[in-house]
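Report on the structure given below.
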Amino acid sequence: MTHALDVVGVSKTFASGRTSKAVLDDVSFHVKEGEFVSLIGPSGSGKSTLFHLIGGLEKANAGEIRIGSRRIAPLERGLISYMPQHASLLPWLSVAGNIEMALEIAGIDRMEARQSARQWLARIGLERDADSYPHALSGGMQQRVSFLRALLSPQPLMCLDEPFGSLDALTRQHMQTWLLSLWEEDRRSVLFITHSIEEALLLSDRILVLSTAPAKVIREIMVPFPRPRGEQLWSDPVFNELKREIYSLLTPAESKGGHS
Amino acid sequence: MGNRRWFSLRKAGPPVVVLASLIVIWQAAVRLMGVEEYILPSPLDIAREFVSVAPRLFEHASATLGITLLGFAAGSAAGLLLAALLHLVPWVKAGFYPLLVLTQNVPVFVLINLFVIWFGFGMLPRLLLLMLVCFFPVAVAMLTGLTQADPKLVNYMKMIGATKGQLFWRLELPGSISYLFSGLKIAASYSVISAIYAESTADKGLGKFIQLASNGWQTSRVFVGIVTIIAISLLLFGLITAAERMMIRWRVRSEEEAGR
């Protein structure tokens with residue numbers, strides 16, 4: 001079976017002048033087709049660097065990356081659909097215009113892009129905002145548009161970089177269940193970066209826990225809950241068990257030593 | 001909110017009142033102190049002179065307006081193209097940027113004399129001078145604008161695979177429109193002043209008009225010239241502001257919506 005993404009033995013070191021900083025150390029993992037995989041790790045553990053490598057913005061020092069079983073050339077771009085932490089909508093384009101632009105860059109023809117943008121905005125209840133400028137939308141609404149933009153892009157692999165990181169807690173919970181319901185309809189392959197353990201458990205099929213820099217995959221956790229999932233998971237004892245396990249993996253060694 | 005109205009009494013009131021009082025004080029002072037007209041004419045003297053010289057003034061003013069608009073348009077277009085070129089080809093920027101600054105260090109009166117020596121007394125030397133004066137503020141403002149694109153948006157565009165051209169046309173160029181307009185406003189005021197200056201070498205235009213009046217001690221007529229120059233400057237500035245409002249409607253609209 002081909003994988004949507006293979007990351008094999010990837011290392012990355014940033015050199016600035018005489019000092020160099022190892023960010024990724026021999027990182028290997030994969031995302032199966034139709035699988036939702038989350039990467040969770042302490043901040044500064046190189047998750048965004050990993051995305052830059054997959055997106056072709058940076059070159060790895062070692063290892064290789066395959067997307068849909070094809071090895072990508074260094075700095076080859078445009079093979080993933082992407083949703084960043086901040087909505088990153090162009091302020092001078094309307095909501096629909098922003099979606100159309102992303103689809104056109106992905107190579108979809110203009111008429112088709114226009115049609116699918118309108119159609120999907122209506123589907124998620126934003127048809128009245130299609131011609132508004134992004135400023136007029138709340139943060140949560142902007143993120144919905146941003147997600148839709150990634151969802152409609154034709155690439156099979158979606159990379160979501162902490163997409164709810166800048167939202168308030170309540171909006172964040174709404175967005176998680178909203179994204180879950182949309183994703184469970186057509187099961188794209190997703191690589192998802194997050195800081196939130198609950199979020200990872202709620203959404204993912206599999207969770208990869210990264211160490212502090214230089215990052216390695218220190219644990220792989222299969223999430224056993226059946227789909228469709230909902231908020232009732234939060235009271236499941238297994239959910240809390242896993243939460244505790246991941247939490248202890250993410251706790252830095254020095255604070256584990258206790259009060260001795 | 002009256003944001004989109006062109007003229008509001010509340011905004012226009014104070015400067016009009018101040019200007020009107022100054023004119024009244026000026027008129028009273030000249031009359032009471034018995035100042036000779038050739039030293040300082042009163043506003044009424046200037047108005048009388050304006051009416052009597054109107055047909056000839058119109059001829060000179062339209063000559064000035066013509067060369068100003070031509071030089072401003074050609075110079076700004078050159079500045080815009082140059083900024084795009086310098087931005088897109090890094091080695092050109094490294095090589096030519098110092099040269100760009102150099103062109104502004106040669107005094108205008110030296111330049112106009114040189115241009116007359118090289119190109120004769122026709123319109124060409126004046127046009128070249130205006131272009132040289134106008135391209136600089138536009139080029140510098142544009143270059144700043146092009147390099148100031150929001151890093152988050154640049155990152156997003158690169159991650160979804162935008163080419164260098166797409167990055168320029170879709171993000172950097174539209175994002176620098178407000179910079180362009182601040183450059184255009186500076187260029188507009190420079191262009192009027194420089195046109196007047198360069199007209200000392202011409203046989204027509206407000207510059208010539210003022211020079212002749214001044215040589216003949218017709219101080220009222222000099223003031224008529226000054227008032228006309230101010231009117232032309234304000235007209236140009238107003239046109240640019242109007243164009244700016246039309247081009248950057250997304251910002252005006254978003255402010256309005258934020259104020260709902």
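Based on DSSP, what percent of beta bridges with both residues in chain A are antiparallel, to the nearest 5? All intermediate terms of the calculation are to be shown ahead of the outcome.
On the way: 22 of 40 bridges.
Taking every DSSP beta bridge with both residues in chain A, the antiparallel ones total about 55 percent.
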Next item on the list: Scan the range A:31-95 for trypsin sites (Lys or Arg not before Pro) in coil per DSSP, keeping those whose Cβ has at most 11 other Cβ atoms within 10 Å, and list them by number.
Entry: A:LYS59
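Per 0.36 nm of contour for each residue apart, how much would the distance between B:ALA28 and B:THR163 grow if the chain were fully extended, relative to their Cα-Cα spacing?
41.9 nm
Could you work out the relative contact order of chain A? I mean the mean sequence separation of Cα pairs under 8 Å and 6+ apart, divided by the number of residues, in percent.
Contact order relative to length: 26 percent.
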Check: Which FRET efficiency value, to the nearest 0.05, do you get for A:LYS59 and B:LEU235 by plugging their Cβ-Cβ distance into 1/(1 + (r/R0)^6) with R0 = 56 Å?
Finding: 0.55
Next item on the list: Would you mind telling me the antiparallel percentage of the DSSP bridges in the protein assembly as shown, rounded to 5?
Entry: 55 percent
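Could you tell me how many cubic angstrom of Cα convex hull volume chain B has per residue?
On the way: hull volume 41.9 nm³, N = 260.
Here the figure is 161 Å³ per residue.
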Next item on the list: Please find, in a Gaussian network model of chain B (springs between Cα atoms separated by less than 10 Å), the residue of B:MET123, B:MET33, B:MET246 whose mean-square fluctuation is greatest.
Entry: B:MET33
Checklist line | Across A:LYS32/A:LYS59; A:LYS12/A:LYS32; B:LYS11/B:LYS204; B:LYS164/B:LYS185; B:LYS93/B:LYS152, pairs whose alpha-carbon gap is larger than 27 Å | finding: B:LYS11/B:LYS204; B:LYS164/B:LYS185
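If you average 1/r across every pair of different Cα atoms in chain A and take the reciprocal, what Kirkwood value do you get, in Å?
Details: mean 1/r = 0.0517 Å⁻¹.
Across chain A, the inverse of the average 1/r is 19.4 Å.
May I ask you to compute the full-extension gain from B:SER214 to B:THR144, defined as 0.36 nm times their residue separation minus their alpha-carbon distance, rounded to one decimal in nm? Please list the in-between numbers first.
On the way: separation 70, 0.36 × 70 = 25.20 nm, distance 4.18 nm.
The span from B:SER214 to B:THR144 would gain 21.0 nm if fully extended.
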Next item on the list: Taking only Cα atoms and a 10 Å spring cutoff, compute GNM fluctuations for chain A and point out the largest among A:LEU233, A:LEU160, A:LEU203.
Entry: A:LEU233
Notebook entry, point to check: Among bridges DSSP assigns within the range A:150-251, what percent are antiparallel (round to 5)?
Noted result: 50 percent
Item checked: Three-way shape call for the range A:33-151 based on the alpha-carbon gyration tensor, with the a/c threshold at 1.5 -> prolate
Notebook entry, point to check: If you find the alpha carbon centre of the range A:162-181 and of the range A:130-149, how far apart are they in angstrom?
Noted result: 14 Å
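For the range B:71-110, build the convex hull from the C-alpha positions and give me its volume per residue in Å³.
Expressed per residue, the convex hull around the Cα atoms of the range B:71-110 is 59 Å³.
Expressed in whole Å with the largest first, what are the equivalent ellipsoid semi-axes of the range A:1-76 derived from the C-alpha gyration tensor as the square root of 5 times each eigenvalue? Provide the component values of the computation, followed by the final result.
Working: eigenvalues 104, 42, 18 Å².
Equivalent-ellipsoid dimensions as semi-axes: 23, 15, 9 Å.
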Notebook entry, point to check: Per residue of B:150-157, what is the mean number of Cβ atoms on other protein chains within 10 angstrom of that residue's Cβ?
Noted result: 6
Item checked: Gyration tensor verdict on the protein assembly as shown (Cα atoms; rounded if a/c is under 1.5, prolate if a/b is larger than b/c, oblate otherwise) -> prolate
Next item on the list: Go ahead and set up a Gaussian network model of chain A, Cα springs under 10 Å, then flag whichever of A:ARG18, A:ARG219, A:ARG118 fluctuates most.
Entry: A:ARG18
Checklist line | P(r) of the range A:89-219 over all Cα-Cα pairs, binned every 5 Å from zero, in whole percent | finding: 2, 9, 19, 21, 20, 14, 8, 5, 2, 0
Check: Dividing the alpha-carbon radius of gyration of the range B:96-192 by 2.2 N^0.38 Å (N being the number of residues), what value is obtained?
Finding: 1.42
Next item on the list: Taking 7 Å along the Cα-to-C-beta vector as the label spot, tell me the B:ILE39-A:TRP234 distance in nanometres, rounded to one decimal.
Entry: 8.6 nm
Margin query: Give me the percent relative contact order of the range B:41-258, please, defined on Cα pairs under 8 angstrom at least 6 residues apart.
Written below: 28 percent
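At 1.4 Å probe size, put B:PHE121, B:PHE223, A:PHE14 in order of accessible surface, largest to smallest. Provide the component values of the computation, followed by the final result.
Working: B:PHE121 145, B:PHE223 50, A:PHE14 75 Å².
My answer, sorted largest first, is B:PHE121, A:PHE14, B:PHE223.
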Item checked: Normalised contact order of the range A:90-154, rounded percent, pairs of Cα under 8 Å and 6 or more residues apart -> 49 percent
Next item on the list: Let me see the pair-distance distribution of the range B:10-130: every alpha carbon pair, 5 Å bin width, integer percents in order.
Entry: 2, 8, 10, 11, 11, 11, 12, 11, 10, 7, 4, 2, 1, 0
Checklist line | With 10 Å bins from 0: P(r) over the range A:90-154, alpha-carbon pairs, percent | finding: 24, 61, 14
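Just add up the charged neighbours of A:MET222: K/R +1, D/E -1, any other residue whose Cβ is under 14 Å from the Cβ of A:MET222. Intermediate values should be presented prior to the final figure.
Values: positive: A:LYS32, A:ARG206, A:ARG219, A:ARG227; negative: A:GLU35, A:ASP205, A:GLU220, A:GLU241, A:GLU245.
In short, -1.
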Check: Which three lengths, in whole Å and largest first, does the range A:203-251 cover when its Cα atoms are put on their principal axes?
Finding: 36, 18, 13
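The values are calculated or read from the model by the stated rules, or taken from the named source; none is laboratory data. Fair warning: this is a prediction, and the values are worked out from it, not measured in the lab. All Cβ positions, glycine included, derive from the backbone under ideal geometry; neighbour counts span all protein chains shown. Surface areas here come from the heavy atoms of the whole protein model, side chains and all, with no ligands, DNA or RNA. Shrake-Rupley method; radii C 1.70, N 1.55, O 1.52, S 1.80 Å.
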